[in-house]
Amino acid sequence: AMAAAVDKQALANKWTNSYGKALELDTWGQIEEAREIYEQIAHGLETEQNKEQAKQYTTDELGIMAKLALTLRLRANVLKNGDLEGVTLDNMNVLKASFESLFKKSKYAFPFKLSGIKDAELESAATVSQFVREKEVVIQAGDVAPGTLLPPPKFREGETFFDITIDKCGFKDATGFINPYITVTVCDALGHAIEPAQDTPISNTKKGHYISFQTEVHIQTSEAMLPPECAIFFEFKHYKPKKKKKSTKCWAFIERDEMRPGPVSCELYSKPSDMTRKKKLRLLTVKPLYLNLIIQLRKN
């Protein structure tokens with residue numbers, strides 16, 4: 001017998017509505033209920049891929065369905081085990097658009113890079129739930145999710161690395177910024193970057209005079225390999241709708257000898273950023289407002 005024609009749009013609407021509910025529960029910390037719905041949707045997606053009607057979907061559609069199911073399973077696991085790492089609520093917010101556009105396009109860009117897994121392996125997706133059990137799948141935000149933070153670097157015996165938590169950044173008026181984020185760059189004495197720059201995700205969390213980031217940045221160069229004259233630069237950027245571009249508001253830095261575990265308050269300087277540290281520094285404000293960081297040393 002022929003498989004009945006699938007009403008793809010009805011399915012997409014059903015999943016999108018359920019996803020909206022789950023996301024709301026997840027946001028409010030009702031994790032049991034959220035997890036249950038995430039798992040139901042993942043199960044629905046997987047069922048479509050394994051049934052006779054899988055033939056009615058394009059390869060691209062099957063691919064995006066597998067990735068959605070995988071992400072839902074990974075988030076459900078995070079909620080179940082109370083993990084601090086893995087698929088975050090921010091990631092789930094980004095995923096909303098992927099549900100809303102399901103079956104409406106011919107090509108799909110998934111908003112995350114899934115490392116530790118090949119697309120071809122995913123496409124034989126009877127195994128999505130198996131993957132989650134057997135493989136170390138890491139989700140990294142891609143272009144769609146703002147932020148280009150890198151995972152912790154691979155350790156060799158005896159190495160230590162700096163992890164820097166960007167806590168918050170202070171302004172006379174913290175409410176005036178649209179989609180602010182911070183670019184973190186490690187530069188040598190000449191101002192040349194010695195590893196890829198990293199952008200934090202956008203933060204619109206504003207408390208009093210502060211924009212709160214609560215974001216951990218993993219410095220990729222080991223402590224021993226950081227040159228003595230190097231510095232880590234933090235550029236606070238935001239979107240200017242009139243100019244339709246991102247602009248640097250101010251910047252801060254810590255020098256090599258200031259890199260030790262504990263809290264650090266950095267002075268904020270007026271732009272332009274000067275990675276060579278040759279020009280005279282101009283404070284952004286005389287008020288006691290800083291970029292607050294917490295530095296940790298990560299050992300294997």
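Each reported figure results from applying straightforward, stated rules to the coordinates on display, with no laboratory input. Keep in mind that what you see is a predicted model, and the values were worked out from it rather than measured. Quick reminder, even Gly has a Cβ in these numbers, built from the backbone with ideal geometry, and neighbours come from all protein chains shown.
So here's what we get for this one:
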quantity	calculated
Those residues of region 261-275 whose amide nitrogen sits under 11 Å from the label point placed on THR248, 7 Å along Cα→Cβ	269-275
Pairwise label distance in nanometres, ALA224 with ASP90, each label 7 Å out on the Cα-Cβ vector	3.2 nm
Descending principal axes extents, the chain, alpha-carbon based, whole Å	79, 49, 34
Label zone at ILE194, where the point sits 7 Å out along the Cα-to-Cβ direction: region 227-255 residues whose backbone N lies under 15 Å	227-233, 254-255
Under 11 Å, Cβ to Cβ, from ILE219 - net charge with Lys/Arg +1 and Asp/Glu -1	-3
Net charge of Cβ neighbours under 13 Å - reference ARG256; Lys, Arg +1; Asp, Glu -1	-4
Net charge of Cβ neighbours under 10 Å - reference ALA22; Lys, Arg +1; Asp, Glu -1	-2
Angle in degrees between helix 8-27 and the longest Cα principal axis of the chain, rounded to the nearest 10	40 degrees
